[in-house]
Structures are given as structure tokens and as C-alpha cells.
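Structure record follows, encoded as C-alpha cells.
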Amino acid sequence: MYSVETKNNPTKQIMGNPRVGLLTLCAAILLCLAAGAQNQPRVSPINAGGPWQEYDSHDPMTDVKRSRFELAGDNPLRNSSANPKINIYCENGKFLFGHFDPLVRVDPNRPGFWGQPQVQVVVRVDSHNDRHSWNWDGHFLAMDKDSVRGLIGATVFKVQLPGPGVPENIATFSPAGLDLPEFDKACHLKPKH
């Protein structure tokens, strides 16, 4: 009989630790979903009410309908000339995920439960402030579902990133005006009251 050494075999080391293997699998799935959603054919945006834009696509092979709702920020963050964006992705009438793209470099400031990098942000929905830990994938922050529900029903939505310079670290959004019945039809998600 022969034995396989696992010292220098990274695949065996990853598979030997179930948490790392599960984290790797979850990260791969999230990146594939984000890449698939971002690689949708570019179509003309549809006004979804107020400052919101909706992009729809339909996969003729699988008959999957995808919708992306985009909200541009009111102000750029530090060291950026472009305003941050929030995108909400839905597929076949169900919410998939929401992400906040700051368009600036963000350094994770804490590990998540599975060790994934997270950024703790302060979120303001109208007059209510709360802390959230959003997963960072190197390009955007994955928003939790409660934050997305708060966003779609709010008139004021702000995200404060960690770091020096308080006014320069706050992204301000004006989400009022979203066509909520149409959004509910595309994502089956209602605003948080």
C-alpha cells in the first residue's frame, strides 16, 4: 500500500478543513453569481421610478428572466471622481442579492463568521442608524437583505465607511420614487417599515 502526503498538497489541506472548503465554495458561488449578473447583455435602462434604473435580460436557452436595479449615489467618496452605486439583482421574480459598489479602495476591518473579509459600516435609513457587517469581495460590499429592504422604502439612505474624514466617507443616496409594485413583481421583496 502507499500513502499520500498532504503537507505540500494545497487541495488536500483545503479539503481537510471543512470551514475553509465551505468558505471557498460560498465565495466561488457568490463570485459566479456576480459575474453572471454583471455579464448580462447591455440593454437600454428602463426608468424604475425616481433615480432608479432597471436593466432586464432574458436567457432564451433557460428561460430565466434577470433584473438589475441600479441606484447611483449623490456624492463621490474620498479619492474618487465617480459616485458610488447600489445594485439589486433578481432572477425569476426572486431577490438574489444587493451590493454596494463604493468605487474606492476599502480595507476590511473584521473577519466574518467563516473568516471572510468584512467591513463594518454605519447605515442610515431615514432617521434610523444601525451598524452592519457587509462581506467584501475586493470590488463591492454584499448588503444584507434587511438593508436592501430598508433602502427600497427610504427617502434617505447613507452608508458610512470606516476611516478618517467623516464627510468624505459617507455615501448619500436618494432612493425615493422607486416603483414598488413593479420592484415587488421583479424581486418579490417589500420595503421594511
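Read the figures in this text as sums done on the coordinates, not as results from a lab. The structure displayed is predicted, hence computed values, not measured ones. Cβ atoms come from the backbone with ideal geometry, glycine included; neighbour counts cover every protein chain shown.
Values as computed for the structure displayed
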{"read-out": "Every residue from segment 97-114 that is among the hydrophobic types (A, V, I, L, M, F, W, C), crowded, with 17+ Cβ neighbours inside 10 Å and touching a helix residue (DSSP H, G or I) at 6+ places or on another chain (Cβ under 8 Å)", "value": "97"}
{"read-out": "Candidate set from segment 48-75 (those that are in a strand (DSSP E or B) and aliphatic (A, V, I, L, M)); member that is farthest from residue 173 (Cα to Cα)", "value": "64"}
{"read-out": "Selected residue [in a loop (DSSP other than H, G, I, E, B), over 25 Å from residue 65 (Cα atoms) and among the small types (Gly, Ala, Ser)] from 177, 115", "value": "115"}
{"read-out": "Residue in segment 157-167 that is surrounded by 22 or more Cβ atoms within 10 Å (Cβ to Cβ), among the β-branched types (Val, Ile, Thr) and either part of a strand (DSSP E or B) or in contact with a Pro (Cβ under 6 Å, 6 or more places away or on another chain) (or both) present", "value": "yes"}
{"read-out": "Given (1) crowded, with 16+ Cβ neighbours inside 10 Å; (2) assigned to a loop (DSSP other than H, G, I, E, B); (3) among the charged types (D, E, K, R), number of the condition residue 78 does not satisfy", "value": "(1)"}
